[in-house]
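Worksheet for the structure shown next.
The values are calculated or read from the model by the stated rules, or taken from the named source; none is laboratory data. Model, not experiment: these values are computed from the prediction. So basically every Cβ, Gly included, is an ideal-geometry build from the backbone, and we count neighbours across all protein chains shown. Please note that ligands, DNA and RNA were not included when accessible areas were found on the heavy atoms of the full protein model with its side chains. Shrake-Rupley method; radii C 1.70, N 1.55, O 1.52, S 1.80 Å.
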Amino acid sequence: MEKKNLDWANIGFGYIKTDKRYVSNYKNGAWDEGVMTEDDKVVISECAGVLQYAQTIFEGMKAYTTEDGRIVTFRPDLNAARMADSARRLEMPVFPEERFVDAVVRTVAENQAYVPPFGSGATLYLRPYMFGSGPVIGVKPSEEYQFRVFSTPVGPYFKGGVRPLTICVSDFDRAAPHGTGHIKAGLNYAMSLHAIQTAHRNGFDENMYLDAATRTKVEETGGANFLFVTKDGRVVTPKSGSILPSITRRSLMYVAEKYLGLEVEEREVAMDEVKDFAECGLCGTAAVISPVGRIVDHGREICLPSGMSDMGPVTKKLYETLTGIQMGRIEAPEGWLVEIG
Ligand code: PLP
Ligand code: COI
């Protein structure tokens, strides 16, 4: 199969239309059988639940070309399960988990020409999503939904590729206790837009959100979880009911413990202890692990000892092991890679 003629090494994190996408509709209490289509346009009621009351959820995952030329996706079963949790929280019907994985695999299979070659630095980003398509004017769940999966080749999420970032402690809250911070709902991202634009205008790459109730504990950024490394080499990640359970972070914690023999801790992280860490990274599908070099908390600067020119040594080992697994250079735990046949 011939690859598209794209400048793989230089694509950014943006949308490039690919050939086929998956669509399934929910009506009269049931999902239809779903189709692959070339039609990239969505036509819905002017009064659709997604347009009026933001009833929409999504997932983010990637397909990779391995060193030996296979195409794989990474732990799609976990994205399927998380989307089911998101659906339940927004009173949407669950798209069956095995059908979710099948839809993702079909979308990759039919867009193989867009899966970036091994070693190019790019990957095929997959965006499964579901929204209320039927009309609602009283505040209630839609009776009709659409589930779709599209793909787009992407490069690094942060401009300039992998380089230490400067982030700021946000004045805005991302998620309330008992709210929707733990699911992947569009509404969490709509409300973060003003915060991220403000951070960018002030010269920062990202926001660090603290817990909304006390503003003393580290939560996450707008699109990634945190990993910290202590000066004695332990890997620490914040535990909170209002952050998204990142699949990358869960995988990295496993890799840290089982592949690298490091001690790992998932626990509350006080803002006050951040100054004592040796390394900090942002982890997610889009971010992979992006090192943080500097954190600015209202005029107080925390400069991580790992500095502003390179990833810290533990972050680097984690990065290399995880991407090694995803690209087939290092043996993956059972069930982590799903091959596109
Ligand atoms: N946190 C937020 C708010 C996100 O949007 C994402 C991206 O999906 C993540 C964390 C990372 O999650 P994952 O590793 O599953 O991509
Ligand atoms: C992802 O990492 O897949 C996300 O959805 C994060 C988003 C900010 C691009």
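What the table shows:
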{"quantity": "Extension gain, Ala270 back to Asp68 (0.36 nm per residue minus Cα-Cα distance, nm)", "calculated": "68.3 nm"}
{"quantity": "Neighbour cut-off at most 10 other Cβ (10 Å), DSSP loop, GluC sites (Glu not before Pro), the stretch 19-69", "calculated": "Glu33, Glu38, Glu46"}
{"quantity": "Loop-resident sites, the stretch 248-341, for GluC sites (Glu not before Pro), counting at most 10 other Cβ within 10 Å (DSSP)", "calculated": "Glu334"}
{"quantity": "Unsatisfied cross-links (Cα-Cα over 20 Å) in the set Lys239/Lys275; Lys17/Lys62; Lys184/Lys317; Lys62/Lys184; Lys159/Lys231; Lys159/Lys217", "calculated": "Lys184/Lys317; Lys159/Lys231; Lys159/Lys217"}
{"quantity": "5 angstrom amide H check on Thr285, placed H, neighbours 5+ away", "calculated": "Thr248"}
{"quantity": "Where the stretch 44-161 is the region considered: accessible area per residue in Å², 1.4 Å probe", "calculated": "38 Å²"}
{"quantity": "Integer Hz, Karplus 6.51/-1.76/1.60 couplings in order for the stretch 284-290, x for Gly and Pro", "calculated": "x, 4, 6, 7, 6, 10, 9"}
{"quantity": "Computed [θ] at 222 nm, helices only, for the chain once each DSSP H run of length n ≥ 4 contributes -39500 (n - 2.57)", "calculated": "-6000 deg cm²/dmol"}
{"quantity": "GNM result for the chain, Cα springs below 10 Å: residue of Met191, Met83, Met311 fluctuating most strongly", "calculated": "Met191"}
{"quantity": "Two-site label geometry, Ala213 and Glu38: point separation in nm, points 7 Å out along Cα→Cβ", "calculated": "5.4 nm"}
{"quantity": "Carbon plus sulfur fraction of accessible area for the chain, probe 1.4 Å, in percent", "calculated": "50 percent"}
{"quantity": "Of Arg88, Arg99, Arg201, the one that fluctuates the most in a GNM where the chain has Cα springs shorter than 10 Å", "calculated": "Arg201"}
{"quantity": "Net lengthening on full extension, Glu98/Lys239 (0.36 nm per residue, minus Cα-Cα)", "calculated": "47.9 nm"}
{"quantity": "In sequence order, calculated HN-Hα J values of the stretch 324-341 (Karplus, 6.51, -1.76, 1.60; Hz; x Gly/Pro)", "calculated": "x, 5, 5, 9, x, 7, 10, 4, 8, x, 3, x, 6, 10, 10, 7, 8, x"}
{"quantity": "Gaussian network model of the chain, Cα within-10 Å springs - most flexible of Tyr125, Tyr15, Tyr26", "calculated": "Tyr15"}
{"quantity": "Cα centroid separation - the stretch 1-58 against the stretch 182-219, whole Å", "calculated": "26 Å"}
{"quantity": "Karplus (6.51, -1.76, 1.60) ³J(HN,Hα), θ = phi - 60°, over the stretch 39-49, in Hz, Gly and Pro reported as x", "calculated": "6, 8, 9, 10, 10, 9, 4, 5, 10, 4, x"}
{"quantity": "Label point distance in nm, Asp171-Lys140, each placed 7 Å from Cα along Cα→Cβ", "calculated": "4.1 nm"}
{"quantity": "Restricting the stretch 89-155 to GluC sites (Glu not before Pro) in coil, as DSSP defines it, with at most 15 other Cβ within 10 Å", "calculated": "Glu91"}
